[in-house]
Amino acid sequence: MTAGVDRGHPQAQAIRSDEDVVRVRQLVRTVAVAVRLSLVDQTKLVTAASELARNTLVYGGGGTAEVSTVDNGLRRGVRIVFADDGPGIADLDLALTDGYTTGGGLGLGLSGARRLVDEFDIDTGPERGTRITVTKWSR
Ligand SMILES: Nc1ncnc2c1ncn2[C@@H]1O[C@H](COP(=O)(O)OP(=O)(O)OP(=O)(O)O)[C@@H](O)[C@H]1O
Ligand SMILES: [Mg+2]
């Protein structure tokens with residue numbers, strides 16, 4: 001095997017409705033079980049995915065979730081990329097602060113999701129929308 005992280009075949013789910021958010025949850029649960037994440041870690045990842053999928057729908061105007069397995073030679077994991085072509089996140093530091101919301105929510109989705117996963121990366125801007133990548137590793 002080549003060095004670094006080996007990515008399994010990704011499965012894409014469109015996010016255009018509440019039902020699609022449920023489908024993302026189900027897909028993430030299935031893949032998390034397949035890579036043998038613990039029940040607690042499955043639930044953490046599904047919860048994070050649910051928040052990020054909802055943000056993709058509400059603020060991003062819809063988009064996609066791409067779920068894949070990853071393998072670093074030591075552990076397996078699940079990686080999810082949430083992408084939208086929305087307005088982007090204006091102030092990322094602020095958006096990651098507990099309680100900050102522009103939509104009348106609790107403002108805990110992004111900050112909570114970050115705490116629930118092992119790796120969390122955001123690429124966002126007004127010209128390119130928002131792309132959030134999260135990874136949870138087996139332990
Ligand atoms: N994909 C996105 N595109 C544009 N802005 C976003 C996106 N995701 C989050 N944001 C911005 O970041 C803010 C914080 O998001 P977060 O999920 O933490 O809170 P919320 O969705 O407002 O409330 P909650 O998730 O607790 O119901 C949002 O109010 C919104 O302004
Ligand atoms: Mg949210």
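Can you give the convex hull volume of the alpha carbon atoms of segment 5-137 per residue, in Å³?
Working: hull volume 13.1 nm³, N = 133.
For segment 5-137, the hull spanned by Cα atoms encloses 98 Å³ per residue.
Go ahead and estimate [θ] at 222 nm for the chain from helices alone: -39,500 (n - 2.57) per DSSP H run with n ≥ 4, summed, over the residue count, rounded to 500. All intermediate terms of the calculation are to be shown ahead of the outcome.
Values: 4 runs with 49 residues, N = 139.
For the chain, the value works out to -11000 deg cm²/dmol.
Can you give me the accessible area per residue for segment 50-127, using a 1.4 Å probe, in Å²? Mind showing how you got there, number by number?
Numbers: 4090 Å² over 78 residues.
Result: 52 Å² of accessible area for each residue.
Along the charge dipole of segment 13-139, Cβ charges K/R +1 and D/E -1, which of 33, 103, 86 sits furthest on the positive end?
33
Tell me, what ³J(HN,Hα) does each residue in segment 53-66 have, in order and in whole Hz, if you take phi through Karplus 6.51 cos²θ - 1.76 cosθ + 1.60 with θ = phi - 60° and put x for Gly and Pro?
Going residue by residue, I get 5, 5, 4, 4, 6, 6, 9, x, x, x, x, 9, 10, 10 Hz, with x marking Gly and Pro.
Would you kindly derive the ³J(HN,Hα) couplings of segment 25-41 from the backbone phi angles with the Karplus curve 6.51 cos²θ - 1.76 cosθ + 1.60 (θ = phi - 60°), listing them in order in whole Hz, with x for Gly and Pro?
4, 5, 5, 5, 4, 4, 5, 4, 5, 4, 8, 6, 5, 5, 4, 4, 5
Any chance you could tell me what percent of the C-alpha pair distances in segment 1-40 go past 15 Å?
Working: 426 of 780 pairs.
For segment 1-40, the fraction of Cα-Cα distances above 15 Å is 55 percent.
Check which residues have an amide H placed less than 5 Å from residue 118's amide H, if you skip close sequence neighbours.
135, 136, 137
What part of the accessible area of segment 44-127, given as a whole %, is carbon or sulfur when the probe is 1.4 angstrom?
Values: 2020 of 4230 Å².
Accessible surface attributable to carbon and sulfur in segment 44-127 totals 48 percent.
How much length would be gained if the chain were fully extended between residue 100 and residue 115, taking 0.36 nm per residue of separation minus their Cα-Cα distance, in nm to one decimal? Let's see the in-between values first.
Values: separation 15, 0.36 × 15 = 5.40 nm, distance 1.57 nm.
This chain segment gains 3.8 nm when fully extended.
The values are calculated or read from the model by the stated rules, or taken from the named source; none is laboratory data. Not measured: the values here are computed from a predicted model. A quick note on method: Cβ atoms are made from the backbone with ideal geometry, for glycine too, and the neighbour counts reach across all protein chains shown. Note: accessible area is taken over every heavy atom of the protein model, side chains too, but ligands, DNA and RNA are not part of it. Shrake-Rupley method; radii C 1.70, N 1.55, O 1.52, S 1.80 Å.
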